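The values are calculated or read from the model by the stated rules, or taken from the named source; none is laboratory data. Everything numeric here is computed off the predicted structure, so don't read it as measured data. Here the Cβ positions follow ideal geometry from the backbone for every residue, glycine too, while neighbour counts run over all protein chains shown. Just so you know, the surface numbers come from the protein's heavy atoms only, side chains and all, with ligands and any DNA or RNA stripped out. Shrake-Rupley method; radii C 1.70, N 1.55, O 1.52, S 1.80 Å.
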Amino acid sequence: MRKKTIATYALCALALGLALFGAAPARAQAQHLVIGGKNFTEQLLLSDMTAQYLRAKGYDTELKNGLGTTLMRSALESGQLDIVWDYTGTALIVYNHIEDKLDPDQIYQKVKELDAPRGLAWLNQSELNNTYAFAMPRALADKYNIHSLQDLANRINEDDKEGGQPHLMGVDYEFASRPDGLGPMQQLYGFKLDRSEVKQMDPGLVYTALKNEQLFVGLTYASDGRIKGFDLQLLEDDKGYFAAYKATPVVRQEILAKHPKLAEQLNELAAKIDTATMTELNKRVDIDQEPVAKVAADFLKQAGLI
């Protein structure tokens with residue numbers, strides 16, 4: 001009788017153990033979210049702050065960043081990633097090959113519409129617009145009173161009439177030759193640089209050359225930390241030549257269906273992010289050499305999100 005009782009207890013304990021070990025992974029899996037990011041500072045920050053933020057909300061988060069643009073997109077579409085931050089202009093031009101001139105809201109609505117059948121949901125876009133931009137050393141911009149691309153065009157045209165010195169412009173190799181690059185931009189703003197005045201170089205070298213005043217103007221990204229760190233003057237795109245690249249959380253619809261509060265939580269995070277804020281965060285990593293995780297955590301605390 002005693003042997004039977006011991007056996008019964010043993011079987012019950014085994015069943016209970018299996019039930020517990022079987023239930024725990026199910027609960028963890030239900031809350032498990034894989035967050036992706038690209039391979040540059042801003043994306044490392046966005047993905048890291050998202051992982052920390054959602055972890056504080058009770059999710060089990062896994063971070064997979066440092067990915068190329070197309071690789072991250074493929075991983076999201078194939079279900080290897082659940083959440084990413086992407087840019088509206090990237091989705092329009094790179095993923096969907098649309099080069100129509102659209103305003104920021106039209107771009108957002110278009111990519112949202114195109115991705116819905118693919119099972120991807122674009123949540124609320126943030127006020128972070130990491131679009132292409134031209135910048136000048138601040139001392140030169142102040143000297144010549146240049147604050148916009150039209151100001152730049154006017155200065156170049158006036159100097160050309162007077163036989164002034166060359167205006168060296170630094171751009172990356174792609175922008176110099178692509179159909180929506182330098183050529184059409186010059187046409188829109190009404191100026192023309194000689195071939196010798198256009199210096200094609202690695203994007204990172206443009207910032208260094210601007211800092212050292214080796215360039216008159218250079219192609220940059222609007223929220224790059226080096227804009228602030230090197231005291232550069234961003235030039236306003238008066239005529240809206242560049243497409244908007246608004247940073248936006250993109251989530252697989254299947255994941256949103258499993259987690260009803262997730263969209264609202266990510267929208268709350270997106271509402272706290274703008275270009276000026278991200279420029280400062282990027283600077284802290286790129287110029288001040290602070291760890292990404294620390295900068296992300298500081299932002300979340302200061303924004304009252306954790």
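Quick notes
- The set of residues in the range 140-149 being open to solvent by less than 60 Å² (accessible area, probe 1.4 Å) and either within 15 Å of Leu215 (Cα to Cα) or in contact with a helix residue (DSSP H, G or I) (Cβ under 6 Å, 6 or more places away or on another chain) (or both) consists of Leu140, Ala141, Tyr144, Ile146, Leu149.
- The set of residues from the range 52-86 being more than 25 Å from Lys294 (Cβ to Cβ), out of contact with any helix residue (DSSP H, G or I) (no Cβ under 7 Å at 6 or more places or on another chain) and either at pLDDT 95 or above or part of a helix (DSSP H, G or I) (or both) comprises Thr70, Leu71, Ser74, Ala75, Leu76, Ser78, Gly79, Gln80.
- Cross-chain or 6+ apart pairs with Cβ under 8 Å, the range 43-62 first and on the phi > 0 side of the Ramachandran plot, then open to solvent by 20 Å² or more (accessible area, probe 1.4 Å): Gly58/Gln31
- Qualifying strands (runs of 3 or more DSSP E) (wholly inside the range 205-279; at least 3 residues being under 27 Å from Ala51 (Cα atoms)): 247-252
- Inspection of the range 162-173 identifies no residue that is open to solvent by 50 Å² or more (accessible area, probe 1.4 Å), outside any helix (DSSP H, G or I) and either farther than 18 Å from Phe216 by Cβ or in contact with a Pro (Cβ under 6 Å, 6 or more places away or on another chain) (or both).
- Tallying residues that are surrounded by fewer than 17 Cβ atoms within 10 Å (Cβ to Cβ) and either aliphatic (A, V, I, L, M) or assigned to a loop (DSSP other than H, G, I, E, B) (or both) within the range 280-297 yields 6.
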